[in-house]
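K.L.:
Supplied in structure tokens, the structure appears directly below.
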Amino acid sequence: MKTCKIGSIEIKNNICLAPMAGLTDIAFRVLAKKQGVGLVWTEMVSVNAINQNNGVTMRMTEIDPNERPVAIQLFGQQIEQIERAVKKIEDRADIIDFNMGCPATHIIRAGSCSALLGRPEKVKKIIETIRKSTKKPITVKIRIGLNDYKKNHVRIAKIIEQAGADAIIVHGRTVAQKYSGIVNYKAIKEVKDAVSIPVIGNGDIVDGASAKKMFDETGCDAIMVGRAAAKDPFIFKRIIHYLKTGKELPEPTDKEKINHFFEYAKLCEKYTIRVGHLIAHAHLFTKGIRKSTILREQINTVKTRDEVIALIKSFKKKLKN
Ligand SMILES: Cc1cc2nc3c(=O)[nH]c(=O)nc-3n(C[C@H](O)[C@H](O)[C@H](O)COP(=O)(O)O)c2cc1C
């Protein structure tokens with residue numbers, strides 16, 4: 001397995017946890033780190049909310065020493081707001097990441113995230129501004145264009161590199177695709193061939209074989225895993241094992257999946273994570289477990305941490321393995 005360097009930051013391997021709003025809180029990131037992932041990302045954080053000192057937002061930028069190195073992901077579109085926010089939180093981050101990939105309609109309407117892919121001049125200005133505002137390494141997460149007719153990943157990647165970024169993460173889908181279709185390896189490879197800074201390939205990695213496929217098809221320097229890790233952060237152990245040995249470890253048993261949830265729940269208590277995150281992860285961690293549909297319907301009806309834990313404990317007692 002290779003290591004990876006982003007700016008001045010040495011990453012112990014080339015496997016990353018994707019930023020996921022509502023999911024990659026500090027407890028989840030620490031749990032993923034324990035499974036061997038090299039670099040983790042916070043959820044996306046609004047620059048305006050940082051500048052307004054919003055309590056929930058500021059908590060999202062809190063970092064535990066056990067999870068370093070960590071990238072704090074920002075989003076926004078007003079240059080002065082971006083500059084102020086970077087200066088305000090740069091001390092907390094090892095890497096400042098900027099989101100140019102989120103396809104959510106309300107975010108695009110506000111001109112942020114993936115909407116920026118349609119404004120290359122603005123992309124240049126934003127990254128140049130971040131470059132001037134911090135000495136920390138900068139990464140930028142993009143998609144491959146607004147839609148099939150407006151793919152501009154190579155042009156945008158070159159602009160981002162020239163403006164001073166230290167690495168680019170490419171989710172190999174267009175904005176219009178959202179999460180449909182399959183990841184476009186060819187487009188990620190085109191970015192890799194066009195720039196000299198590290199390229200992190202993202203999309204549809206679900207096991208060791210698909211992780212290797214991302215490396216093989218694109219030549220990327222590192223890979224980033226999102227949804228599959230949200231269901232099971234222990235995937236990082238399996239991916240690392242596969243990349244070292246060429247063999248897949250067995251998927252976790254139903255009981256192991258529940259135990260993983262309890263490990264996360266324990267960390268949630270330590271870091272006082274909001275119950276909404278615990279509920280979201282209770283849904284994700286129990287997916288695929290036999291007869292768990294009713295459990296998830298029950299989870300939807302509860303509101304407190306203790307109620308969620310009690311439901312899952314009682315469900316675990318009925319499991320065979
Ligand atoms: C629930 C959810 C929340 C996400 N939140 C973010 C986010 O805050 N910032 C971001 O750059 N991407 C976000 N993403 C996109 C992921 O980082 C990743 O690019 C995408 O899921 C593709 O990778 P995957 O196929 O491994 O899931 C989110 C995805 C999901 C499913």
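K.L.:
Filter region 74-112 down to the residues that are in a helix (DSSP H, G or I) and either away from the ligand (no atom under 15 Å from the Cβ) or among the basic types (K, R) (or both) and list them by number.
P.N.:
Filtering region 74-112 for residues in a helix (DSSP H, G or I) gives 79-89, 105-109.
Within region 74-112, I79, E80, Q81, I82, E83, R84, A85, V86, K87, K88, I89, R109 qualify.
K.L.:
Would you point out the residue of region 30-55, among those that are assigned to a loop (DSSP other than H, G, I, E, B) and under 20 Å from E90 (Cβ atoms), that is nearest to the ligand (Cβ to nearest atom)?
P.N.:
The selected residue is N54.
K.L.:
Quick one: which helices (runs of 4 or more DSSP H) sit completely within region 228-304 and have at least 2 residues that are under 22 Å from A211 (Cβ atoms) and not hydrophobic (A, V, I, L, M, F, W, C)? Quick ask: steps written out before the conclusion?
P.N.:
On the way: elements: 235-245, 254-270, 275-286, 293-299.
Those helices (runs of 4 or more DSSP H) span 235-245, 254-270.
K.L.:
Among the residues of region 144-179, what is the count of those that are under 17 Å from the mean Cα position of the chain (by Cα) and either part of a strand (DSSP E or B) or outside the structural domain of T129 (by TED's automatic domain parsing) (or both)?
P.N.:
Count: 5.
K.L.:
Go through region 305-321 and report how many residues are exposed (fewer than 11 other Cβ atoms within 10 Å of the Cβ) and part of a helix (DSSP H, G or I).
P.N.:
Here the count works out to 2.
K.L.:
Moving to a separate point now. For region 238-256, enumerate the residues that are buried (at least 16 other Cβ atoms within 10 Å of the Cβ) and in contact (Cβ under 8 Å) with a residue 60 or more places away in the chain.
P.N.:
I239, I240, L243, D254
K.L.:
Looking only at region 18-28, which residues are farther than 12 Å from I72 by Cα and either away from the ligand (no atom under 11 Å from the Cβ) or surrounded by 24 or more Cβ atoms within 10 Å (Cβ to Cβ) (or both)?
P.N.:
Matches in region 18-28: A27, F28.
K.L.:
K231 passes all but one of (1) in contact with a strand residue (DSSP E or B) (Cβ under 9 Å, 6 or more places away or on another chain); (2) within 13 Å of the ligand (Cβ to nearest atom); which number fails?
P.N.:
(1)
K.L.:
So how many residues does region 3-17 have that are among the polar types (S, T, N, Q) and within 16 Å of the ligand (Cβ to nearest atom)?
P.N.:
Matching residues across region 3-17 total 1.
K.L.:
Taking into account only those residues within region 113-143 that are under 23 Å from N202 (Cα atoms) and among the small types (G, A, S), which is farthest from the ligand (Cβ to nearest atom)?
P.N.:
Among those that are under 23 Å from N202 (Cα atoms) and among the small types (G, A, S), it is G118.
K.L.:
Starting from region 144-173, take each residue that is within 15 Å of N202 (Cβ to Cβ) and list its partners that are small (G, A, S) and assigned to a helix (DSSP H, G or I), counting only C-beta distances under 6 angstrom and pairs at least six apart or across chains.
P.N.:
From residues that are within 15 Å of N202 (Cβ to Cβ), the pairs are I144/A187; H153/A187; A157/A194; I168/A157; G172/A187.
K.L.:
Within the set of pairs 6 or more residues apart or between chains, which connect a residue that is of a type in the set (F, W, Y) inside region 77-99 to a residue that is more than 16 Å from the ligand (Cβ to nearest atom) with Cβ atoms less than 7 Å apart?
P.N.:
Filtered contacts from region 77-99: no entries.
The values are calculated or read from the model by the stated rules, or taken from the named source; none is laboratory data. Since the structure is predicted, the reported quantities are computational estimates derived from the model, not experimental observations. Heads up, the Cβs are rebuilt from the backbone with ideal geometry, glycines too, and the neighbour counts pull from every protein chain shown.
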